Amino acid sequence: MHTLSDQCPHREGQIQNGNGIIHMKDLATKEQMYQHARLFSHIVVDPGCSIGNHCHEHETEFYYVLKGEATFNDNGTEVLLHAGDVGATGYGETHGLENRSNEPVELIALIVME
């Protein structure tokens with residue numbers, strides 16, 4: 001199986017009541033993930049934009065930063081993530097992500113289910 005980049009669905013919108021518009025490219029469909037995951041996306045967070053704080057029950061979300069510097073809210077504790085870093089949350093914990101820099105942040109988001 002393969003999917004060319006221009007064939008991946010693109011969408012934009014406000015995510016979890018965050019600031020600004022987030023750009024998402026879905027890298028796999030739910031069917032392709034065989035009910036083990038519900039999201040596998042390449043995400044771009046422009047300067048001043050954010051993914052609002054939200055909780056995950058019975059699943060874990062991973063953010064793998066590809067480019068830029070992001071402020072990751074890990075249950076109320078802020079941590080700076082850079083390219084190559086991973087932020088994750090699950091089991092009733094909360095997280096969010098904000099781009100306070102002047103450059104876009106690119107990341108891969110993966111939500112795996114229990």
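The values are calculated or read from the model by the stated rules, or taken from the named source; none is laboratory data. It should be emphasised that the depicted structure is a prediction, and the values quoted were computed from it without experimental measurement. FYI the Cβ positions are ideal-geometry reconstructions off the backbone, even for glycines, and counts take in every protein chain you see.
Give the residue, chosen from Val112, Val86, that is more than 23 Å from Ile21 (Cβ to Cβ), surrounded by fewer than 14 Cβ atoms within 10 Å (Cβ to Cβ) and not charged (D, E, K, R).
Checking each option against the conditions leaves just Val86.
Which of the following residues is within 26 Å of Pro9 (Cα to Cα), part of a strand (DSSP E or B) and at pLDDT 95 or above: Glu106, Glu78?
Glu106
Yes or no: the stretch 85-98 includes at least one residue that is touching a strand residue (DSSP E or B) at 6+ places or on another chain (Cβ under 6 Å), acidic (Asp, Glu), in contact (Cβ under 8 Å) with a residue 40 or more places away in the chain and within 27 Å of Gln32 (Cβ to Cβ).
Scanning the stretch 85-98 turns up no residue that is touching a strand residue (DSSP E or B) at 6+ places or on another chain (Cβ under 6 Å), acidic (Asp, Glu), in contact (Cβ under 8 Å) with a residue 40 or more places away in the chain and within 27 Å of Gln32 (Cβ to Cβ).
Exactly one condition in (1) in contact with a strand residue (DSSP E or B) (Cβ under 8 Å, 6 or more places away or on another chain); (2) at pLDDT 95 or above is not met by Gly48; state its number.
Here Gly48 meets the rest and fails (1).
Can you name the strands (runs of 3 or more DSSP E) wholly within the stretch 1-73 that have at least 2 residues being surrounded by fewer than 13 Cβ atoms within 10 Å (Cβ to Cβ) and either more than 13 Å from the chain's Cα centre (by Cα) or of a type in the set (Lys, Arg) (or both)?
Those strands (runs of 3 or more DSSP E) span 10-13.
What are the residues in the stretch 44-84 that are touching a residue at least 40 places away in the same chain (Cβ under 8 Å), of a type in the set (A, V, I, L, M) and in contact with an Asp or Glu (Cβ under 7 Å, 6 or more places away or on another chain), if any?
Within the stretch 44-84, Val44, Val65, Leu66 qualify.
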